[in-house]
Each structure stands twice: as C-alpha cells, then as structure tokens.
Amino acid sequence: MLDSQIFTPTIDIGLIPKVGQEFESSEAAHQFYNDYAKKLGFSTKINNSSKNSAGVVTWKAFSCSKEGKTNESYRKNSKDTVERSGERRRTDTRCMCEARNISRKQDGDGWVVTLFEDRHNHSLITPRKAHMLRSHRKVTTTKKALMQEYSEANIPTHTQIRLMQNDAGDPSAMGCLEKDIYNYGNALKAEIKGCDAQTMIHHFETEKERNDAYFYSYDIDSDETLTRCFWADSDSRNSYAVFGDAIVFDTTYNTNKYGLYLAPFVGVNNHRQTIVFGCGLISDQSTDSFVWLFKKFLEAMPYNAPPKVILTDQDAAISRAIIEKQMANTYTKTVFGVFQKEFAECARYTCHIIHKTDETMTFEVRRFDLGVSRERHRELTRNILTDQVSCSCRMFEFEGVPCRHMLCWMRVKQVMVLPEHYILHRWTKSAKNDPLYDPTIYTFTGKSLQSRRASLKQLVMEVVDAASLTEVRSTYFADLLKTAKAIISEMDTEGKPIPQRGSRMIMAQVDKIKDPVRAKNRGTGKRLKTAKERATSQRSRHCSGCGEIGHDLRTCQASTQRYVMRY
C-alpha cells in the first residue's frame, strides 16, 4: 500500500478514542467510536469478537465498514450467479481499510480500549452526508410509532414515506433511507404474522369489556385453528329490535388473505339507509356453517326472535340456497336434478292457510303467475303432532322427492335445512354404503385378484427400491424371494383351481351340457331385430306390372311394350 494513499484525519482531541480509555459496557465503547466516525465521515461495523469458556464476550473489534476485501472465488461465483439470474450487480465497497478500535473486558464490569488505529485509505464523507451512512442512519422510535399508527389506518408504506419526508422538510433530513422504512415495515408484518386470529379475538374481548351488550362467538377445529366467528355490537342489536322484520343475508364477499366468506346480516332503517345487524366469517358454505351462523345470529338478537323475511344471495335458479346445497351433498346427481327442478319452481307458488284443527292444518298452494292462473291448486296437510306435511299431488309418496308445493311451504316457514324424514335413503349417495352381501358367502373373484396383485406389486416395488441400493441388500432379498417362491408353489389356492374366463372356461368343462330346445312361446314369438338385421332382411321390391324383381312399373319394359302395342 502506498503512503500517499494513507492519511490521518484531524478532529477535536476530546472525541478521539484513546488506548486505556474505559467504558461501562461494550455498547458504550461502540457508541463512542461510532460518534467519532460520524464526525469524520465513515461508517463502522463490529468486525470480530471472542468469548471465554463460560460464553462471556471478552473483547470486541470495531472497524471501518470498508475493512477487508471480497474473496475472489466468491466474487467469481457471485458474478456467474448475477449473469444467470439477471440481477443487478452490486459494487464492492471494501478496500482493506485499516482503521479499527479494539476494546477488552476488564476483571470488573468495565471495558477498556486496548488498540486504536485511525488511518484510512479512502476518501471520507462530508459531515452533511455522514448521517446517511449505514451505521449512523436508523428508523427512530418516533418514526416506528408513527408507522404503526399509519398502518392501523391502512395507509400504504410509500404514502407513509411521503408524509414523513414532508414533516422533515427534505428527504435527506429523514435520517434514514426509504429502504430502511420498507425493511422496518416488513419486520413489523413479520412480528404479527400468525397472530391475526388472536388479535381479532382480543379485539372482541376488549369491546366486550367496554360494553357488556357486545356479542361475539367463534369456533375452532381440533388444531385450534379459527374456522368461523360472529359478532354484533349493541347498536346493531338495538336496531334489529326495531327494523329486524326483514334482513338480507349475503355471502358473496370473499376476504383477500385467508379466503373466509364474509356474511353480513343487513337491513334497512326508517330513513331507507343500510344498517348492519351482525357479521360473520365462515371458512366454507356448508350446511353446518350456515346453521351455526344462523343460530349465533338468533342468539345475539333480542328475544331470539327470527326475522319475518330473509332475502339471501339467491339468483333466479336459487343456486346458493342452504337447502339446495344440503341436498346437492345428499342426493345422487340424477335425483338432485329432479329436486333442483322442484326447488326452482317453488318460488313461483304462494301458500296460505285455509283450515285448522287441533291436530292438523290445511294450506292451499297456488301458482301466482298471471298467465297460468287457471292451474289447479294443491292442498297441503300438516300434522301438528308429528310436524310432517303431505301434498295432494302425492309426488313425495310416488317418487320419494319433496314436491314444489311442500318446498313452497318450507320456504314460507323459513325452514333452512330439509328435515330427515323428507329424505328417502334410497336416493342418497350413501345408499350403498351399508354391506349388501356377506363376503364369507359370496366374493368377486376377479376383482379380488386384481386388488391383491396391485397391493403385492406396490409392496414388492418398495422393497426392490430399498434392496437395490447395495449388493448385500440385493443378495439378501433375492434369497428371500427364492425361499418364498418355493413355499408359495407348494400351497394350494384355498383348495380351488384358479377360475378361468371366456371360451377357455367352456372348453375346460368335463361334463358336456346340451343346448336348450327352442321353446314355443305364446304370441308372435319374434325377437326384436337390430337395425342391421332389419335393413338386410327387407323384402325385395316387385314390379306391379310384370311381377319381376329389380324394377318397378315406371321402368318395366314389358309394360312399355304392351302399352305401345295397345296404341
């Protein structure tokens, strides 16, 4: 290194560290050296440190940030990586600067400077720009608190930076870079990551402490993961007592991070303004989630009184109805198509009571379309004791699917889930889940053979993969296979020959069985012919003039000759 490249800066002697200078801690020693560096115009770093056998730090070396140099092999690998990835190549700022400060721990609690080198081999930054160096710039506590307030107000980070720059008067007077603000913002998000649910529950608890009329409820799964929740404040509950006769329930809102469905219960006040009675978050749109949500809603509302009218997010086909979703998961596809048609038609009917006794209630269901007002009405009879209804159309008795008239009555009565006694088990997807035969009496040999081959093949391939790794394993496994092959060959297949299929099975029969004699049945005795048989067996066309085959009267030569001879 040339002497012309090394110079000693000039500074007030009281700010220069000295050998033998004592400090209360290593942090105080580092802070003093860092303040000295800021006055001169360079940045510092902790270059090295050492611990004793007890794990206590005994000395620390503070140096200029330009100390050392980049390893050539690392530089080459980094260059290749940058060229492959297309990233921006960063400039190497280190130039083997020798400025440093070493402090050691004394026998007591203090630290003492044992080495101080103030020579630099690079130009220094002016004091006006020194505050932007890495060791001197920082996001102050005030800025951190301000960022938290901005974040709670959903102000984006780039807008926060512009606001803080306006407060400082100049971007260079912020005391940190924009990148430092972004880094702290990311660190702040990382701290609260995974605590969203707990933060929300804490908010519910805080609101409950402030106002005892605040209502909230939530549900978790076996992994203690939040699956659904519902909340309503005192104003919403009071509004429901006055304007809760008709509500709108919509689940088309989807939150952006966790994919939960936002389900608000909305109404209209006396000023025709939208008011919220309650709100819920559900992880799916299953029947269980909707039932839980409606139960919590009724539990939160005054007197547990259900609304008179519920307008859901149903389109013309009522595709998102709760009952329809329930039956889509219950019925088979074909039967659900029948149910869906009846359910879509039930919206065109109206229902009103016409007669009532102590045990029964009779309703009239009529289609209210003007163009079909002449359609015959149906009567529904409800047994009050069993809470079951029957329709005069008898569709449920004949087909096992609730008719549109019964579904109309359920719609008017706000029945959210179809009761079990209206679901015929034979039409459900689980109809064949019960055992239909005794496996000890009757088994499907072909299918059982295929399943056994598949399971054995999978097991053997797993063992082959593990055994083929080494020669010892391969030899051991081969010996086991030979032994197993010999043992299996001596076994019989449960005392029965392996079943054969097709013509091989027919030819293998020992006893010859003759074909049956053609039976003389009543009636025509003709079987249905295929299209090919009908085409090939059609009667040939005859000429009406001469009776021959292959032509008709228009092309018959004999008829033409007779006609000529006649005239």
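Laid out as a table, the results:
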{"item": "All helices (runs of 4 or more DSSP H) inside the stretch 100-193 with 1 or more residues being surrounded by fewer than 17 Cβ atoms within 10 Å (Cβ to Cβ) and over 44 Å from the mean Cα position of the chain (by Cα)", "result": "157-168"}
{"item": "Enumeration of residues in the stretch 182-216 that are more than 30 Å from Tyr240 (Cβ to Cβ), modelled with pLDDT of 85 or more and in contact with a helix residue (DSSP H, G or I) (Cβ under 7 Å, 6 or more places away or on another chain)", "result": "Tyr182"}
{"item": "Candidates Tyr437, Tyr442, filtered to the one that is more than 30 Å from Glu397 (Cα to Cα), modelled with pLDDT under 60 and assigned to a loop (DSSP other than H, G, I, E, B)", "result": "Tyr442"}
{"item": "Search result, residues across the stretch 113-132 that are among the hydroxyl-bearing types (Ser, Thr, Tyr) and within 18 Å of Leu177 (Cα to Cα)", "result": "Thr126"}
{"item": "Of residues in the stretch 53-86 being under 27 Å from Asn34 (Cβ atoms) and exposed (fewer than 10 other Cβ atoms within 10 Å of the Cβ), the one modelled with the lowest pLDDT", "result": "Gly55"}
{"item": "Lone unmet requirement of (1) modelled with pLDDT under 75; (2) outside any loop (DSSP other than H, G, I, E, B); (3) under 23 Å from Leu456 (Cα atoms) for Tyr563", "result": "(3)"}
{"item": "Search result, residues across the stretch 128-162 that are touching a Phe, Trp or Tyr at 6+ places or on another chain (Cβ under 7 Å) and over 26 Å from Ser43 (Cα atoms)", "result": "Met147, Thr157, Gln160"}
{"item": "Residues of the stretch 240-266 satisfying the condition of being surrounded by fewer than 17 Cβ atoms within 10 Å (Cβ to Cβ) and either among the small types (Gly, Ala, Ser) or touching a His at 6+ places or on another chain (Cβ under 8 Å) (or both)", "result": "Ala241, Ala246, Gly259"}
{"item": "Matching option when the condition is modelled with pLDDT of 65 or more, surrounded by fewer than 10 Cβ atoms within 10 Å (Cβ to Cβ) and within 60 Å of the chain's Cα centre (by Cα), among Thr530, Thr536", "result": "Thr530"}
{"item": "Residue in the stretch 411-432 that is within 18 Å of Phe368 (Cβ to Cβ) and either surrounded by 15 or more Cβ atoms within 10 Å (Cβ to Cβ) or among the aliphatic types (A, V, I, L, M) (or both) present", "result": "yes"}
{"item": "Enumeration of residues in the stretch 304-327 that are part of a strand (DSSP E or B) and modelled with pLDDT of 80 or more", "result": "none"}
{"item": "Failed item in (1) surrounded by fewer than 17 Cβ atoms within 10 Å (Cβ to Cβ); (2) over 26 Å from Glu420 (Cα atoms); (3) modelled with pLDDT of 85 or more, with Glu299 passing the rest", "result": "(2)"}
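The values are calculated or read from the model by the stated rules, or taken from the named source; none is laboratory data. The model shown is predicted, which means the values in this text are computed figures rather than measured ones. Every residue, glycine as well, gets a Cβ built from its backbone with ideal geometry; the counts of neighbours run over all protein chains shown.
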